[in-house]
Amino acid sequence: MEYRPRLVDELLSELLAGVPAVLIVGPRACGKTTTARRVAQDELRLDRGADADLVRADPDIALRVREGTLLLDEWQLVPEVLGAVKRAVDDRPGAGRFVITGSAQTDLGAAGRPLTGRAVRVPMWGLSERELDGDVRAPSVLARLPDEGPAALGPVAAPPDLEDYVERALRGGLPEIALQPEPAIRRRRLASYVDEVVARDGALADGSRDPVRLRRYLQACAASLGCEVEHRTLYTAADVNRITAVGYDSLLSTLMVVDALPAWTSNRLERLTGRPKRHLVEPALVGPLLGVDTRGALRDQALLGRLMESFVLAQLRPELAVVEYPPRIYHLRDRDGRHEVDLLIEYPDGRCVGIEVKAGASASLRDARHLVWLGDKLGDRLIAGIVLHTGDHTFALSDRVVAAPIAALWS
């Protein structure tokens, strides 16, 4: 399969020219190994028995005999390899010694401390639409928004329609699946991916987890996609107790399957909710988890809007890695439910961009009312309000609020 350029390609090359090691962390099958091989001259695959046994026997010697940039793939399966990387870097300093990949978002607390000051961590996700259908060399829209404001979102030539957006969301970004031209095969492979997560990956990360109950909990997360729900609602739906559910939350977050989008807080706004929204890192898993295809999603208006919101979030995550001073992404909702903003992007200097996502083919000032309210509250801190829709045109709704096709994020 021909390699698809990734947003992190240039960043990896720059980092390896200046630091001893780069640690790439991302969900299983998002393309970490394929991308890392392009900058490595040798590799040890720690998901392969012979390589893992070699490193366990004497990790220092296993690394010492290798030349050039060495890829250590799936480090979390033999975590003691990180200590050997530290010793190798300390004994023979230099740039570009190691590129390390892992499929679990481990805290890197006890395991990762040896790499403090020696490795730069780079998150990687599935293929974004910019990597599939745009220009990966162009400046990120997240980098342009602080300087350009709403003008960062220009016109889009031949944008997708609603059905096409849904098909893209349910196709997903896992490279080997997303690039498969046959929809039926994609759906079967996505179902197999879910099986692997709940059975194999769950057991590797925590052997005490019951795959049947873990699947039920993951299905409950998919059913509440993009919702701000009480935890009790999830674990009641999955028929597990609270302690088990807390463990499942931690496990699915570690495996980078479920992402809890935090609630934004500010001393300028009172009575904001503090509960996160749960999203699937790969929105396409909604298909096998809920038994939904494109036609089914188009018929379910409640799910449709939340699927589009999760799809937009999936386009923004990969952009964060390539912005020099990346913003953070939140949602906002007041406790009375009168005002809510789907996505709030906060930059390090405190300025913000608010985003509302609509499944409709156009947008009105009514669709922007929460963004207008946010602008009144934040004043100059609000760079722009953006209503993303599934139609064709970009146009102003007020002085700082624009409506734009979702595709403006990658065009």
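The values are calculated or read from the model by the stated rules, or taken from the named source; none is laboratory data. What you are looking at is a predicted structure, and each value in this text was computed from that prediction instead of being measured. Here the Cβ is made from the backbone with ideal geometry for all residues, glycine too, and neighbour counts use every protein chain on show.
Quick notes
- Close pairs (7 angstrom Cβ cut-off, 6 or more residues apart or separate chains): at positive phi in the stretch 41-70, surrounded by fewer than 19 Cβ atoms within 10 Å (Cβ to Cβ) anywhere: Gly68/Gln41; Gly68/Asp42
- Subset of the stretch 59-104 (residues that are farther than 25 Å from Val198 by Cα, of a type outside the set (A, V, I, L, M) and part of a strand (DSSP E or B)): Phe98
- Flag for Lys358 being of a type in the set (Lys, Arg) and modelled with pLDDT under 95: no
- When each of Arg144, Arg130, Arg66 is tested for being over 30 Å from Ala404 (Cα atoms) and of a type in the set (D, E, K, R), the lone residue that passes is Arg66.
- When Thr116 is tested against the conditions (1) of a type in the set (Ser, Thr, Tyr); (2) under 30 Å from Leu179 (Cα atoms); (3) free of Cβ contacts under 8 Å to residues at least 60 places away in the same chain, the lone failure is (2).
- Here Glu309 meets each of (1) charged (D, E, K, R); (2) more than 19 Å from Ala260 (Cβ to Cβ); (3) touching a strand residue (DSSP E or B) at 6+ places or on another chain (Cβ under 9 Å) with one exception, condition (2).
- Options Ser250, Ser224; residue that is under 30 Å from Tyr347 (Cβ atoms) and without any contact (Cβ under 8 Å) to a residue 40 or more places away in the chain: Ser250
- Test: residue in the stretch 342-357 that is touching a helix residue (DSSP H, G or I) at 6+ places or on another chain (Cβ under 9 Å), aromatic (Phe, Trp, Tyr) and within 20 Å of Gly391 (Cβ to Cβ): no
- The stretch 17-40, residues that are in contact with a helix residue (DSSP H, G or I) (Cβ under 6 Å, 6 or more places away or on another chain) and surrounded by fewer than 22 Cβ atoms within 10 Å (Cβ to Cβ): Val39
- Hey, Ala220 modelled with pLDDT of 95 or more, more than 19 Å from the chain's Cα centre (by Cα) and not basic (Lys, Arg) or not: yes
- Screening the stretch 309-350 for residues that are of a type in the set (D, E, K, R) and in a loop (DSSP other than H, G, I, E, B) and picking the one that is modelled with the highest pLDDT gives Asp349.
- Search result, residues across the stretch 267-308 that are part of a helix (DSSP H, G or I) and among the basic types (Lys, Arg): Arg295, Arg299, Arg306
- Residue match in the stretch 198-219 (condition: among the aromatic types (Phe, Trp, Tyr) and over 30 Å from Val323 (Cβ atoms)): yes
- Selection over the stretch 282-336 of residues that are surrounded by 17 or more Cβ atoms within 10 Å (Cβ to Cβ), within 29 Å of Glu270 (Cβ to Cβ) and of a type in the set (Lys, Arg) gives a count of 2.
- Meets criteria (in a helix (DSSP H, G or I), outside the structural domain of Ala199 (by TED's automatic domain parsing) and out of contact with any Cys (no Cβ under 8 Å at 6 or more places or on another chain)) for Ala29: no
- The number of residues in the stretch 362-376 being exposed (fewer than 14 other Cβ atoms within 10 Å of the Cβ) and not polar (S, T, N, Q) comes to 3.
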